[in-house]
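Q: Below are the structure tokens for one structure; questions will follow.
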Amino acid sequence: MKFTYYGHACFAVEIKGESLLFDPFISSNGLAKHIDVSSIRADYILVSHGHSDHIGDLEAIAKRTGALCISNFEVGEWMGRIGIEKTCGMNQGGSRSFSFGRLKLVNAIHSSSLPDGSYGGNPVGFVIATEEGTFYYSGDTALTMDMQLIPRFFKLDLAILPVGDHFTMGYEEALVAAEMVQCKKVIGVHYDTAESIKIDHQQAQDHFAKAGYELLLLKIGEAIEI
Ligand code: NI
Ligand code: MN
């Protein structure tokens, strides 16, 4: 699996030659001005909830690429209303097979509303099990005991967790989340984009390292092989 970070909570994971893009928000992110949105590939776009910092570039990328856009039921319906042709609205607890592997929607404790003010349903996290590895993206969430259920069903190679605090859990809780999902390798997201979610990188990474966990904080545009 190749993981590319596009800033905030936006990233792509390449699996078996296909690109899964998560929570596209790039062109309105002041830290991601060097990313060329029009060159981002997507075969699938996964959206954790309806807030603007997760869907800012969704419509443009979806319409350019023709990607299948997956989210919860309400966000899926909204994507259809704005003219995205290929949508798949699922809901928490549900799983399904796609060409990249198996996708399961799991609980996230957050809120969700859409740009037109309509109801966004419940925010979700994603667990994706593939031949190239298994990973969990929690989406925007508080720390929740529900995370303990994930390792009963999946052996994770990677967890992608928010670490910025204020709107989501901070890095101390993200470490507890990593312990709950039994995954030692974590990529932090949802930090530094605004003043309210700035973190001390060294402090956060030391906090993980002391517990024997790894917190990766990638540069925007950086790609790594997992
Ligand atoms: Ni949010
Ligand atoms: Mn957010």
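Q: If I filter region 155-166 down to residues being in contact (Cβ under 8 Å) with a residue 40 or more places away in the chain and of a type in the set (A, V, I, L, M, F, W, C), which single residue comes out as surrounded by the fewest Cβ atoms within 10 Å (Cβ to Cβ)?
A: Among those that are in contact (Cβ under 8 Å) with a residue 40 or more places away in the chain and of a type in the set (A, V, I, L, M, F, W, C), it is Leu158.
Q: Every residue in region 116-142 that is surrounded by 15 or more Cβ atoms within 10 Å (Cβ to Cβ), in a loop (DSSP other than H, G, I, E, B) and away from ligand 2 (no atom under 16 Å from the Cβ), please.
A: Across region 116-142, the qualifying residue is only Glu132.
Q: So which residues in region 155-188 are more than 13 Å from His207 (Cα to Cα), assigned to a loop (DSSP other than H, G, I, E, B), out of contact with any Pro (no Cβ under 7 Å at 6 or more places or on another chain) and within 16 Å of ligand 2 (Cβ to nearest atom)?
A: Asp165, His166, Phe167
Q: Quick one: which strands (runs of 3 or more DSSP E) sit completely within region 1-105 and have at least 1 residues that are in contact with an Asp or Glu (Cβ under 7 Å, 6 or more places away or on another chain) and within 16 Å of ligand 2 (Cβ to nearest atom)?
A: Answer list for region 1-105: 2-5.
Q: Could I ask something else about it? All but one of (1) farther than 21 Å from Gly164 by Cα; (2) open to solvent by 10 Å² or more (accessible area, probe 1.4 Å) hold for Ile40; which doesn't?
A: All conditions pass for Ile40, except number (2).
Q: Now for a separate question. Of all residues in region 197-216, which are open to solvent by less than 60 Å² (accessible area, probe 1.4 Å) and either within 16 Å of ligand 2 (Cβ to nearest atom) or in contact (Cβ under 8 Å) with a residue 40 or more places away in the chain (or both)?
A: Result: Ile197, Ile199, Ala204, Leu215.
Q: For region 65-95, which positions are within 20 Å of Asp146 (Cα to Cα) and not small (Gly, Ala, Ser)?
A: Asn72, Met90, Asn91, Gln92
Q: So if I check each of Ala60, Ala108, which one is open to solvent by 50 Å² or more (accessible area, probe 1.4 Å) and among the aliphatic types (A, V, I, L, M)?
A: The conditions single out Ala60.
Q: Among (1) open to solvent by 60 Å² or more (accessible area, probe 1.4 Å); (2) aliphatic (A, V, I, L, M); (3) within 16 Å of ligand 1 (Cβ to nearest atom), where does Ala194 come up short?
A: (1)
Q: Here is a follow-up. Restricting region 15-37 to residues that are surrounded by fewer than 18 Cβ atoms within 10 Å (Cβ to Cβ) and in contact with a helix residue (DSSP H, G or I) (Cβ under 9 Å, 6 or more places away or on another chain), which is nearest to Glu225 (Cα to Cα)?
A: For region 15-37, the residue satisfying everything is Val37.
The values are calculated or read from the model by the stated rules, or taken from the named source; none is laboratory data. As the structure is a computational prediction, the values presented were derived from the model and not from experiment. Positions of Cβ are generated from backbone atoms using ideal geometry, with glycine treated the same way; all protein chains shown enter the neighbour counts. Surface areas here come from the heavy atoms of the whole protein model, side chains and all, with no ligands, DNA or RNA. Shrake-Rupley method; radii C 1.70, N 1.55, O 1.52, S 1.80 Å.
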